[in-house]
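Below you'll find the structure, written out as C-alpha cells, and then a few comments.
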Amino acid sequence: MNEIFIPVIGIPAPQGSKRHVGHGIMIENSKRVKPWRQDVKEAALTHYDGEAIDQAVEIEIIFLFARPKSHYGTGKNAKKLKPSAPVFVTSKGIGDVDKLQRSTYDALSESSGGSVLKDDSLIVKNRNMKRYCVEGENPGAKITVRTLH
C-alpha cells in the first residue's frame with residue numbers, strides 16, 4: 001500500500017477552541033465539527049479497509065466549499081459564474097486551513113475513533129488547500145494518504 005484516496009462529501013468544519021463544562025469535561029465549541037468528523041470516518045471506512053497505518057505518512061487534502069450566490073450573476077445569468085468570482089476560499093467564517101486539517105486528521109486517527117492511521121502523529125508531511133467547488137463537485141474534501149519509506 002502506497003497511496004489511499006478518500007473522497008469525502010460533507011461540509012468541512014474547523015476544529016477550534018474547546019469549552020470546559022465541568023468535572024474535567026471539555027467539549028468542542030463548534031457544532032459543525034462532529035458531523036464533519038463523522039463524514040470523514042464514514043468515507044474512510046468506505047474507501048479503505050486495511051489495518052490502521054502505523055508508519056510515517058504524507059497527507060494531501062483539498063477542502064471543497066460551496067460557492068455563495070454572490071459569485072453568480074442574476075436573471076438569465078443566475079447559473080453563470082461571475083468573472084470576478086474567486087477560486088480560493090479566504091473567508092474568516094470558513095476557518096483557517098490548519099484548523100480544518102486538525103479536525104480531519106483526528107477523524108482519520110484510530111486514537112480518536114478513525115480507522116486509517118494509528119495516530120495523527122504519524123503525519124510527517126502535509127499539503128492542504130481550501131477552494132470553492134467547480135461544476136460537478138460536491139462540498140467536502142479530497143484526501144490522499146501516502147506512506148513514506
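Here, each number is a calculation from the coordinates, and none is a lab measurement. No experiment lies behind these values; they were computed from the predicted model shown. Positions of Cβ are generated from backbone atoms using ideal geometry, with glycine treated the same way; all protein chains shown enter the neighbour counts.
Quick notes
- Near Lys79: Cβ cut-off under 13 Å, other residues only, Lys/Arg at +1 and Asp/Glu at -1. The net charge is +4.
- Using only side-chain charges placed at the Cβ, +1 for Lys and Arg and -1 for Asp and Glu, the dipole size of the chain relative to its Cα centre rounds to 1160 debye.
- Rounded tilt (10° steps) of 33-47 against the dominant C-alpha axis of the chain: 70
- Highest-fluctuation residue, Glu42, Glu60, Glu51 considered, GNM on the chain with Cα pairs under 10 Å: Glu51
- In nm, spacing of pseudo-spin labels at Val134 and Glu58 (7 Å Cα→C-beta vector): 2.2
- Counting DSSP beta bridges with both ends in the stretch 3-147, the antiparallel % (nearest 5): 65
- For peptides 100-107, 134-141, 66-73, 112-119, sequence by mean Cβ density within 10 Å, most packed first: 100-107, 112-119, 134-141, 66-73
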